[in-house]
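For reference, the structure is listed below as structure tokens.
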Amino acid sequence: MFKRYAYKNILKRLIEPRKFIQVLSGPRQVGKTTLIQQVMKDISIPGHYVSSDVVSAASLVWIQQQWETARIKQRSGLYKKGFILVIDEIQKIPGWSETVKLLWDQDTGNHINIKVVLLGSAPLLIQKGLTESLAGRFEMFRIPHWSYSEIKEAFGFSPEQFMYFGGYPGAAALISDENRWRHYIRDSLIETTISKDIFMMTRVDKPALLRNLFEIGCSYSGQIVSLNKMLGQLHDAGNVTTLSHYLDLLAGAGMITGLQKYSPKKIVEKASSPKLQVLNTALITAQTYTGFERTRLDGEKWGRLVESAIGAHLINITQGTDIAVLYWRDRNREVDFVLKQGKELVAVEVKSGRARTSLPGMEAFSKNFRVKKLLLIGGGGIGVDEFLRMDYGQIVSLFS
């Protein structure tokens, strides 16, 4: 049975003595539930799995009931090695973090050996609850989108299929029927994420603006766009502050992010126009009707997908680490991606075959800043498929 890269780390943490609440957070349909169920099946410690999705009116009382069920089973004497309580979609219960804190602290004080795992598909809301109430009591696993290596191992995708169809495992079996695949991505992933993980969980005063921002963000993935100029293309325009906030919400939901421009001065970096970047290329192709084969023959469209796939891979495998993914531009010269770890820099140029609106800026960047490595992907450098197979450890080795 296929197991994701995080499997061994989660397994290791759960067989350790009870220390922290384990939290798995990430976008919809990236395998969080399957992952923890695989761990629970293989581990020698029994457990109780529940999801707030199956409760019509999930409440704090429901959490207490599930927790008490775990306590009763643990106290029965049959589970001397401990007991695991897993609560899925925890963010759907208002005020969940205070209740979890109270129950966790009660068990700690009473020496009750119940290990707790919380799963959530709205990372921003999960993080808010953790930092407000559970500081010092949790460890976070950020589960990103599937990498090319994972989707290839599980479903046999070619690099070209991965770049076009993306890395959603639930949609992998549908790619032979592109129309069905497209509707699944739009209805079960895009719409569900926006309507349930963002609108229902966070205050959004201009929902039409956020939807419009998502669509335009997908269209401009890989491009540097001024938020002020973007306002002119949006139907329900707010202001730059609102737009920036909505972009953060979309990033927190694992859809689109805005990369910042590298600068030695943090103020300049924060104030830069973002380079828009989807976190899964399926979000681009599901909104078009060109089709896989026609897109492969269109150098401009395919080049854009290649660059977006590289950017998404870099962001997904460095998520939650000390490596930042940025870009750099000075006048008409640009570096596609800048990896920053402390004061060390790695510059990445992608040669995808698409027409560029700016000139390569590797030489100018290396003259202005101390760069550890200059990396070329495609065009005689590292092959695109080879780079997409690189894991976090290999990315870290670029700084050595």
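The values are calculated or read from the model by the stated rules, or taken from the named source; none is laboratory data. As the structure is a computational prediction, the values presented were derived from the model and not from experiment. No Cβ is skipped: glycine too gets one built from the backbone with ideal geometry, and neighbour counts run over all protein chains shown.
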Selection from segment 95-111 of residues that are touching a residue at least 12 places away in the same chain (Cβ under 8 Å) and in a loop (DSSP other than H, G, I, E, B)
Gly95
Looking at (1) in contact with a Gly (Cβ under 8 Å, 6 or more places away or on another chain); (2) touching a residue at least 24 places away in the same chain (Cβ under 8 Å); (3) surrounded by fewer than 20 Cβ atoms within 10 Å (Cβ to Cβ), can you tell me which one Val204 breaks?
(1)
Note on segment 380-389: residues more than 15 Å from Pro144 (Cα to Cα), crowded, with 18+ Cβ neighbours inside 10 Å and of a type in the set (A, V, I, L, M) are Val384
Ile63 vs. criteria buried (at least 21 other Cβ atoms within 10 Å of the Cβ), touching a residue at least 12 places away in the same chain (Cβ under 8 Å), in the same structural domain as Asp88 (by TED's automatic domain parsing) and within 18 Å of Asp105 (Cα to Cα):
yes
Looking at the structure I just gave you, is Arg356 charged (D, E, K, R), modelled with pLDDT under 95, surrounded by fewer than 15 Cβ atoms within 10 Å (Cβ to Cβ) and under 27 Å from Thr290 (Cα atoms)?
yes
Can you tell me which residue in segment 257-286 is farthest from the chain's Cα centre (by Cα), limited to those that are modelled with pLDDT of 95 or more and β-branched (Val, Ile, Thr)?
Thr285
Asp187 being more than 28 Å from Asp336 (Cα to Cα), surrounded by 17 or more Cβ atoms within 10 Å (Cβ to Cβ) and under 20 Å from the mean Cα position of the chain (by Cα):
no
Can you tell which of Val371, Val335, Val306 is in a strand (DSSP E or B) and surrounded by 15 or more Cβ atoms within 10 Å (Cβ to Cβ)?
Val335
So, in segment 14-45, how many residues would count as being under 24 Å from Thr131 (Cα atoms) and assigned to a helix (DSSP H, G or I)?
4
Sort through Ile45, Ile87, Ile114 and tell me the only one that's without any contact (Cβ under 8 Å) to a residue 60 or more places away in the chain and among the aliphatic types (A, V, I, L, M).
Ile87
Counting only residues that are closer than 26 Å to Asp197 by Cβ, touching a helix residue (DSSP H, G or I) at 6+ places or on another chain (Cβ under 7 Å) and surrounded by fewer than 19 Cβ atoms within 10 Å (Cβ to Cβ), segment 6-30 contains a total of 1
Of all residues in segment 35-94, how many are touching an Asp or Glu at 6+ places or on another chain (Cβ under 8 Å), modelled with pLDDT of 90 or more and among the small types (Gly, Ala, Ser)?
1
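Every residue, every condition in (1) under 18 Å from Tyr168 (Cα atoms); (2) not assigned by TED's automatic domain parsing to the domain that holds Thr241; (3) not acidic (Asp, Glu), yes or no:
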| position | (1), (2), (3) |
| --- | --- |
| Tyr262 | no, no, yes |
| Gln277 | yes, no, yes |
| Asn280 | yes, no, yes |
| Phe292 | yes, no, yes |
| Glu300 | no, no, no |
| Arg304 | no, no, yes |
So, Gly311, is that one assigned by TED's automatic domain parsing to the domain that holds Gly252 and either surrounded by fewer than 23 Cβ atoms within 10 Å (Cβ to Cβ) or on the phi > 0 side of the Ramachandran plot (or both) or not?
no
